[in-house]
Amino acid sequence: MSSSRLNFPPGGSLRINSASGFPHHKHIALKMDEALLTVNNELDSEVVVSWMSERCYQCLYQQLGVVPAGSSPGQPGSVDFVVSTQHEITLQLNSTPVNLELCTLPFHFGEHGNYSVWVKNLNDSSVVNCSLVTHADPVNSYIRESHSHKHNHKLELGSPGRTGAPLTDNILPPPPSPSKRLRSLDTFRGISLVIMVFVNYGGGRYWFFRHESWNGLTVADLVFPWFVFIMGTSIALSINAMLRAGSTRRSLLGKILWRSLQLFIIGVFIINPNYCQGPLFWNNLRIPGVLQRLAWSYLAVACLDLLVDAWWSPGLDVLLYWPAWLCVLLLEMIWLFLTFALPVPGCPTGYLGPGGIGDMGLYANCTGGAAGFLDRWLLGENHIYQTPSSRVIYATHMPYDPEGVLGSINSILMAFLGLQAGKIILHYRDLHTSIMSRFLIWGLVLGVISAVLTKCSTDQGFIPVNKNLWSLSYVTTLACFAYVLLVLVYYTVDVKKWWSGAPFYYPGMNSILVYVGHEVFEEYFPFRWQMANSQSHTEHLTQNLVATSCWVFISYVLYRKKIFWKI
């Protein structure tokens, strides 16, 4: 029995073991999210086996391998494949050399399951029959690997939370004042931050705790926009408080510029892995990143709020801020123009796809359309993210940065929608019903806009929800969720006081320390240790939960000692 290995993109088939005889009993060690599939061919010609993920929109089939013809009656050709179990896949079996399609089999394989497909002529006729048999039930990786289950065919920018009393001029808050502080904002920030840390640490290696390959949403795609949103809310409250305390607009503008620069520099250091091994090298230095995008969003929205307030006095929550809205809408028009009208060499104008094997492989080098082209042109291919999530399913090979230049425009929009929430809190102060009703109205309006842009579908809309692009519908959808979640947290924490916000309140109070700390110390104990079985979802989940809990506990201790990291 001979064996061979083929290279396929993550999420597809990983390994192949081939055998010309039957039966065969060679053991193949399976990893997480893998199942064993044996294809038995009783035809007198070879069979080509290909696959396609259900999450891959308008994709080409990718070849797994070739199953030889049977050597004699009762001795079929047989090949073992290791297939992905994260999503349903469709198997396509073609005969050679004419490449005639014999059958297609859509199926969601279960982790560590053992399956076989039999290809044979039906009753000695020319009709080909393909049947799938389950030999060993998969494990239920969502509970414990030892159980089997049968298949069925970041940062806080601006001191948040005070609506009346003066605040000191710092990005992170001073020791809290329970009588004045809006705990719901820190709680909201803490929820976003804790989920972000958990996801960054691996999320138990479950697919729904990883970023979506292209269009669509997973849990991992929710938290960064929420963080940007609550940053905008904090900007509104902190600038208002510092102006009331007597700070001049000129001094605040200088501090905004300095804070943005610090954020950007910190971001460059923590996303480039060589900083622990020596000086950073320009040749492969990644420029965009999470903190860098927060820096640009903070700079734009804080300056906008500061300058517009210089001409307009507080009053209504929207109407007297129309100059700021006009600026944001102008930025959005720039995003729409560049996205849908900028000529991209070798790509269709207005392309929003992932490239690779998507769109039937017609635009393999067009990943991200105008967004990817601008990043590669402005920053250079070596200075952006090299392994985007689109590689997982769409087999893309172009560098693409999800925190790139063009998407930063919509990040500013997200922060500005959060700023709008802060303005509502300022204008209506302790009128809880007015605040919550306006939050819900904003959520409804943004939800309707999302429904129109996406046509309530993942891939069929005018502008699909896409985290990699930070598309307009992605911002409106996540802002809709943010307003609804903020209503729930605000009502339970600050209105009814049913919940103190713990434990999320504590990391929300020290967000920059938690975010930077979890990135820098990711590889150190107790945040990571050598596991007995690195292919166990249970062990990964345990490790990631422990690591996240450690940062919650650290933030609690710092809160009790009134230690807050300011920049």
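The values are calculated or read from the model by the stated rules, or taken from the named source; none is laboratory data. Owing to the predicted nature of the structure, the values given are computational and were not obtained by experimental measurement. Virtual Cβ from ideal backbone geometry, glycine too; neighbours counted across all protein chains shown. Each accessible area value is taken on the protein alone, full model and side chains, heavy atoms only, with ligands, DNA and RNA left out. Shrake-Rupley method; radii C 1.70, N 1.55, O 1.52, S 1.80 Å.
Taking amide H atoms as placed 1.01 Å from N in the peptide plane, list the residues 5 or more away in sequence, or in a different chain, whose amide H sits under 5 Å from that of A364.
G356
Using a 1.4 angstrom probe with every protein chain in place, what is the largest-first accessible-area order of R429, R183?
Result of the area sort, largest leading: R429, R183.
Carbon and sulfur atoms: what percent of the 1.4 Å accessible area of the stretch 172-273 do they account for?
Of the solvent-accessible surface of the stretch 172-273, carbon and sulfur hold 66 percent.
With a 1.4 Å probe and all protein chains kept in place, how much accessible area does D494 have, in Å² rounded to the nearest 10?
Solvent-accessible area, nearest 10 Å²: 20 Å².
Quick one: order D44, D80 from most to least accessible surface, probe 1.4 Å.
Final ranking, largest accessible area leading: D44, D80.
Report the net charge of residues surrounding T85, where surrounding means a beta-carbon distance below 9 angstrom and charges are Lys +1, Arg +1, Asp -1, Glu -1.
-3
Tell me, what is the 1.4 Å probe accessible area of R528, in Å² to the nearest 10?
60
How many angstrom lie between the C-alpha centres of the stretch 319-361 and the stretch 396-435?
Measuring centre to centre over Cα atoms gives 18 Å.
Hey, what do the phi angles of the stretch 70-87 turn into as Karplus ³J(HN,Hα) couplings, whole Hz, using 6.51/-1.76/1.60 and θ = phi - 60°, x for Gly and Pro?
Working through the residues one at a time gives x, 7, 6, x, x, 10, x, x, 9, 9, 8, 10, 9, 10, 7, 10, 5, 9 Hz.
In this model, which of K467/K561; K467/K562; K423/K497 are farther than 27 Å apart at the alpha-carbon?
Among K467/K561; K467/K562; K423/K497, the Cα-Cα distance tops 27 Å for K467/K561; K467/K562.
Remind me, relative contact order of the stretch 341-468 in percent, using alpha carbon pairs under 8 angstrom and six or more residues apart?
Reported as a whole number, the value is 16 percent.
Rounded if a/c is under 1.5, else prolate if a/b beats b/c, else oblate: with a ≥ b ≥ c from the C-alpha gyration tensor eigenvalues square-rooted, which is the stretch 180-251?
prolate
Report I384's accessible area, 1.4 Å probe, all protein chains in place, as a number in Å² to the nearest 10.
10
What is the spin-label model distance, in nm, from D430 to C103 if the labels are put 7 Å beyond Cα along the C-beta direction?
Result: 7.3 nm between the two label points.
What ranking of Y524, Y506 comes out by heavy-atom accessible area, probe 1.4 Å, highest first?
From most accessible down to least: Y524, Y506.
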